[in-house]
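Each remark here refers to the structure printed beneath this line.
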Amino acid sequence: MLSFEQARQTILDHIAPLGIERISLLEAGGRVIAKDLLAPWGMPVWDNSAMDGFAVRHADCAINADGTTLRIEGYIPAGGCMEAAVAPGTAAKIMTGAPIPPGADAIVPVEETSEQNGYVTINGAVKLGDHIRFQCEDVKNGECIIPAGTVLRPAEIGMLASFNYLIVPVYRRPRIAILSTGDELVEPGIQPAAGQIVNCNSFAVAAALREIGAQPLLLGIARDNLASHVEKMTEGLKADALITSAGVSAGDRDLVREVLEQLGVKPVFWKVDIKPGKPTAFARNGDKPVFSLPGNPVSTMITFEELVKPALLKMMGFPRVIKPTVKATLLEEAKKRAGRTRFLRVIVTNDNGTYTATSAGDQNTGILKTMIHANGLAILPAEPDFIAAGEQVDVHLIGDQNI
Ligand code: AMP
Ligand code: MG
């Protein structure tokens, strides 16, 4: 049986980024740029003032006990422009961002001047180039401003807007079909009768997909018979990926594997040495991934987080697909089976960068509430069968990352 790390890597090895689409920059936050984007011109476009003040010739402003007095000739507001040169003995009033007029080679901030009757007196020393933002000092013409693989944050969006990139090439968001299986399930909104439960996995997986920017496509419920599985799975295989839940263990109504193979889907593995989530399967329909997750809602969520999410992030072109762990001190001992990776639902606290983790409650996979209380999954490595209280463990933060 594959270890957790082997299973995760095996899946990633079978995944390639999806195609590229061009979308509005305004909608592109959080998406991954698919091509290097170059600056179509230098920035700033021209030398301009970094301050409200006066554009001067610095040679006019040699230090002198009474200051330097210059005649004000010209006014350049933001958006304005002055073609005439600043002549010796004169200064032009200028606002932040306005182009430096010819002849001027320094800006004196208004706070360092006094103005009277059309003259300005400058009190301090003025150096060549003071408070000038020089042409191309930020970005050179042709420079790569956003390399392929960059996740667009507000800073990148702003930079691209400043260069008039209104449509940008990003990796496509996958459409992911979600199929729940089981005769006991009714859809959310339906009152369950005796022996029935509400299908919560489809909603939980849909929410998890939306969180990372993938598009969920809910197929509903396949009943525990071949015809129903075939019908729903045939539909699901048209999407970019298919995620099924339940029906992958050893029960005599567990049909997922059989039907997938019947539909030509090639199995890669059918079990992983993890708890919860051992009956997790990965298969391929041509190049398209098919993830079959166990049906127990806690197992579905944890296997999605640990095995499916990295694969989908890779499909969407994200450069880092495996979430970094934090090291946390486990506050109570944990027993586990040797050889099997154990995911423990924990509450993590962060005291100035020192993390501690404590069990979020009953770790039985039937207890969904523990998942609600948890803000981390402690990853207890395969080998030891016992982690003592006070030992350091790796934790994936889940949910609110601002702890
Ligand atoms: P199975 O793998 O089909 O034996 O399902 C394992 C357990 O998960 C059973 O208790 C199922 O009732 C439960 N289960 C399966 N699918 C869902 C679902 N979509 N929502 C909630 N519970 C489910
Ligand atoms: Mg079932």
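The values are calculated or read from the model by the stated rules, or taken from the named source; none is laboratory data. As the structure is a prediction and not an experimental result, all values here were calculated from the model. Glycine gets a Cβ as well: all are built from the backbone with ideal geometry, and neighbour counts include every protein chain shown.
Numbers for the structure displayed
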{"quantity": "Of all residues in region 226-285 being loosely packed, with under 15 Cβ neighbours inside 10 Å, within 14 Å of ligand 1 (Cβ to nearest atom) and not small (Gly, Ala, Ser), the one that is nearest to the chain's Cα centre (by Cα)", "calculated": "Glu258"}
{"quantity": "Qualifying residue in region 53-64 (condition: in contact with a helix residue (DSSP H, G or I) (Cβ under 9 Å, 6 or more places away or on another chain) and either of a type in the set (Asp, Glu) or under 15 Å from Val108 (Cα atoms) (or both))", "calculated": "yes"}
{"quantity": "Residues of region 338-359 satisfying the condition of being at negative phi and exposed (fewer than 12 other Cβ atoms within 10 Å of the Cβ)", "calculated": "Ala338, Asp351, Thr354"}
{"quantity": "Qualifying positions in region 147-184 - assigned to a loop (DSSP other than H, G, I, E, B) and either within 16 Å of ligand 2 (Cβ to nearest atom) or touching a Cys at 6+ places or on another chain (Cβ under 9 Å) (or both)", "calculated": "Gly182, Asp183, Glu184"}
{"quantity": "Residues located in region 201-215, provided they are in contact with a helix residue (DSSP H, G or I) (Cβ under 8 Å, 6 or more places away or on another chain) and within 14 Å of ligand 1 (Cβ to nearest atom)", "calculated": "Asn201, Ala204, Val205, Ala208"}
{"quantity": "Elements of type strands (runs of 3 or more DSSP E) in region 69-117, at least 1 residues being within 50 Å of the chain's Cα centre (by Cα) and not hydroxyl-bearing (Ser, Thr, Tyr)", "calculated": "90-94, 106-109"}
{"quantity": "Condition check for Ile379: of a type in the set (Val, Ile, Thr), at pLDDT below 95 and surrounded by fewer than 20 Cβ atoms within 10 Å (Cβ to Cβ)", "calculated": "no"}
{"quantity": "Residue in region 299-318 that is within 16 Å of ligand 1 (Cβ to nearest atom) and in contact with a Cys (Cβ under 8 Å, 6 or more places away or on another chain) present", "calculated": "no"}
{"quantity": "Any hit, region 185-207, residues being buried (at least 22 other Cβ atoms within 10 Å of the Cβ) and in a loop (DSSP other than H, G, I, E, B)", "calculated": "yes"}
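Table: residues versus (1) within 16 Å of ligand 2 (Cβ to nearest atom); (2) more than 18 Å from Lys275 (Cβ to Cβ); (3) not in a helix (DSSP H, G or I).
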position	(1), (2), (3)
Leu307	no, no, no
Thr329	no, yes, yes
Ala338	no, no, yes
Asp362	no, no, yes
